[in-house]
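Structure record follows, encoded as structure tokens.
The values are calculated or read from the model by the stated rules, or taken from the named source; none is laboratory data. Nothing here was measured: the structure is a model prediction, and the numbers come from that model. Quick reminder, even Gly has a Cβ in these numbers, built from the backbone with ideal geometry, and neighbours come from all protein chains shown. Note: areas computed on protein heavy atoms with side chains; ligands, DNA, RNA excluded. Shrake-Rupley method; radii C 1.70, N 1.55, O 1.52, S 1.80 Å.
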Amino acid sequence: MGRYMLSRSLRALLTIFLVVGFAFTILRLSGDPAMMILSADAPPEAIEAFRESWGLDAPLWQQFWGYLLNIIHGNFGVSMRDGSPAMRLVLESIPATLALALPAFALNLLIGIPAGIFAALHRNSWVDRLVMSFSVAGHTLPSFVLGLLLVLIFAVSLGWLPSGGYSGVEHAILPVLTLTVGGAAVLARYTRSSMLEVLGQPYIRAASAKGLRWSQVVTRHALPNAALPIVTIAGLMFGGLIAGAVVVESVFSWPGVGRLTVSAVGNRDLAVVQAALLLITVSMVATNLVVDSIYCLFDPRLRASSGAHH
Amino acid sequence: MTALLSVNNLQRHFSVEGNKEWLSGKKILRAVDGVTLSVQRGKTLGIVGESGCGKSTMAKLVLGLIPATAGTVEFDGKPVTANRNQAWRAARRHMQMVYQDPLSALDRRLTALAQVTEPLNIHHKHGETHPTIAAQSMMRAVGLTDNLFQRYPHELSGGQRQRVVLARALVLKPSLLVCDEPISALDVSVQAQVINLLTDLRQQMNLTMLFISHDLRVVRHICDEVAVMYLGRIIEQGSAKNVLSHPAHPYTRALISAVSTPGAKHATLNSGRIILKGEPPNPVDVPTGCSFHPRCALATAHCKTNAPVTTRIGEAHTVSCHLHTMIHHGLGS
């Protein structure tokens, strides 16, 4: 177990390094921040001075090396717009993101998993078809369409809820709902297919033939065995939500990590984008580490291969 | 002697989709198509046949794991149904099953001991001994050593896994054990050990067994009686000695001739192997008349149109073949 987690952690560090390096390079190759911040018709001297002051005139590898050294010293740079520390801007937007992510994730689990289990246990019944139709619809409807649709219905037509902003619980309802529809749909599909696969296994028939109640067969044998793929998907989903729902936050003008990233990319505010990406990567990688350790709980084979052999 | 298990005109049909074409309608697959047999208490009946002949469906029907389309199964004088109620679950402790693939028959998340203890907890057979103690002694009885008790299925060998499956089935002290190809997934070197174990346990526990296999050598070794199945029907049945030494049905003869046993002489038609023509026919499209006629070297025009009836050809030996009907009733019939 220890060695397993250590190798996973080293791999996680490598992943973070690769993402950071990739983002750094792409950002600098895809557009000139001086042009964006000072506007294209600024005098050439001003642009030159801007580049010099931000170190953008140095070779790419030198910039990257300096950036890495700064990160190690806890210095994530400052926003090119207003000079405030980039990491502080990102950290300040995290509470808003969590305010959407946590309820949405909880609802995804609470709706998606039971719906998938129920559909699998009533395979090919009308309930199954109904659940799966909703799931396909929720899966395929892009969140910006759904978000705008919800705004149209509940904010514009009915006037029950605000269409955007961040000041109270009622502002969170529509964005959370938007995130839940897609997430619960994905989880329901994966849960259903995972359950169906497990329910077809001989040990399920064997458990039933031992005289176990069907409800106990499901809870003792089917669910724990079907949990693995569900944990994977739920983990990815959680990482994604923490990273900030880029589209949904933009639609509902919700001041979270996602919207901060989008506006920083648009402005070529390099330090902010890099800080946000670093945080998103770390949260994704951390979620994956948690998922890996949850695997060990569910599957003794992984416990064995992790080196913690009796 | 009383029959512990009696099966009367048992049928199980599945509806299957026709061809890939649209609206081609559903067809009926007759997996088990009118089987009648009985097993005396303490005896072992072998069911042999090719894959797809309905052997495994028989096993599930006998245990009431799937409902029958028609016909009855009686266990110890009481009808077996597939209604999963309290009585059905309580009856499980008297009839247990051993599966073909032991790895997939075991829950990979549970230790060997937990797998064997579970049935005792389900049926609250606490009584005099603690479930764990009872499970451990059953595991020792099937030849599992103490150091294996806490292992997970993936940490056991194929033979050890099958012993766990066996211990799990026998820990409730059932009177009927249905073995569905219990050794076909095992290495040849392990097969004999498991078979010998089954033979010993059968005597110790006075087990009645339904032993499903396509391995005639094993069937000869372990079974008192043999029923040969072809396309959902039993075409020959009798004591293992009679059926395997004096096979009457051309199909049984072909099966026996396919077994390569150095040194042993079988009463086959010729000294050589009988090679059957063609593939086993599709149970969705069962041939008319005698279902074996397309592959039978001895088939006549009569066989193509008329289904044979079961004929008694000796003490405890029946066969469904026109050859024998004609011998018994004269060739003119």
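Give the residue that is surrounded by the fewest Cβ atoms within 10 Å (Cβ to Cβ), with candidates limited to residues of the stretch A:290-303 that are at pLDDT below 85 and away from every other protein chain (no Cβ under 14 Å).
A:S293
Looking at B:A227, B:A192, B:A185 in this structure, which one is in contact with an Asp or Glu (Cβ under 7 Å, 6 or more places away or on another chain) and either open to solvent by 10 Å² or more (accessible area, probe 1.4 Å) or assigned to a strand (DSSP E or B) (or both)?
On inspection, the qualifying residue turns out to be B:A185.
Restricting to the stretch B:120-166, name every residue that is more than 14 Å from every other protein chain (Cβ to nearest Cβ), open to solvent by less than 30 Å² (accessible area, probe 1.4 Å) and part of a loop (DSSP other than H, G, I, E, B).
Once the filter is applied, which keeps residues that are more than 14 Å from every other protein chain (Cβ to nearest Cβ), open to solvent by less than 30 Å² (accessible area, probe 1.4 Å) and part of a loop (DSSP other than H, G, I, E, B), the stretch B:120-166 yields B:V142, B:L144.
Consider B:A87 against the criteria (1) surrounded by fewer than 16 Cβ atoms within 10 Å (Cβ to Cβ); (2) part of a loop (DSSP other than H, G, I, E, B): it satisfies all of them except one. Which criterion is unmet?
Status for B:A87: all satisfied but (2).
Got a number for residues in the stretch A:14-35 being outside any helix (DSSP H, G or I), under 16 Å from A:A58 (Cα atoms) and without any contact (Cβ under 8 Å) to a residue 60 or more places away in the chain?
Selection size over the stretch A:14-35: 0.
Spot the failing condition for A:M284; the list is (1) at pLDDT 90 or above; (2) open to solvent by 40 Å² or more (accessible area, probe 1.4 Å), and only one is missed.
Among (1) at pLDDT 90 or above; (2) open to solvent by 40 Å² or more (accessible area, probe 1.4 Å), A:M284 violates only (1).
Please enumerate the residues belonging to the stretch B:169-182 that are crowded, with 17+ Cβ neighbours inside 10 Å and closer than 22 Å to B:D76 by Cβ.
Pass one, the stretch B:169-182, residues crowded, with 17+ Cβ neighbours inside 10 Å: B:169-172, B:174-182.
Across the stretch B:169-182, the qualifying residues are B:A169, B:L170, B:V171, B:L172, B:P174, B:S175, B:L176, B:L177, B:V178, B:C179, B:D180.
Can you tell me which residue is least open to solvent (accessible area, probe 1.4 Å) among those in the stretch A:137-162 that are in contact with a Ser or Thr (Cβ under 8 Å, 6 or more places away or on another chain) and more than 13 Å from A:T178 (Cα to Cα)?
So the residue we want is A:A155.
Quick test for you: out of A:V176, A:V169, pick the one residue that is in contact (Cβ under 8 Å) with a residue 12 or more places away in the chain and either farther than 19 Å from A:L107 by Cβ or not charged (D, E, K, R) (or both).
Values: A:V169 fails: in contact (Cβ under 8 Å) with a residue 12 or more places away in the chain.
It is A:V176.
Mind checking which pairs have a first residue in the stretch A:246-264 that is assigned to a helix (DSSP H, G or I) and a second that is open to solvent by less than 10 Å² (accessible area, probe 1.4 Å) and of a type in the set (D, E, K, R), Cβ under 7 Å, 6 or more apart or different chains?
Close Cβ pairs (under 7 Å, with a partner that is open to solvent by less than 10 Å² (accessible area, probe 1.4 Å) and of a type in the set (D, E, K, R)) amount to A:G258/A:E249; A:R259/A:E249.
Given the conditions (1) among the charged types (D, E, K, R); (2) at pLDDT 90 or above; (3) in contact with a helix residue (DSSP H, G or I) (Cβ under 7 Å, 6 or more places away or on another chain), which single one is not true for B:D187?
(2)
Which condition number does A:Y203 fail, the rest of (1) away from chain B (no Cβ under 14 Å); (2) assigned to a helix (DSSP H, G or I) being met?
Evaluating A:Y203 over (1) away from chain B (no Cβ under 14 Å); (2) assigned to a helix (DSSP H, G or I) leaves (1) as the failure.
Mind checking whether some residue in the stretch B:81-101 is farther than 17 Å from A:A207 by Cβ and at pLDDT 90 or above?
Among the residues of the stretch B:81-101, at least one is farther than 17 Å from A:A207 by Cβ and at pLDDT 90 or above, which makes the answer yes.
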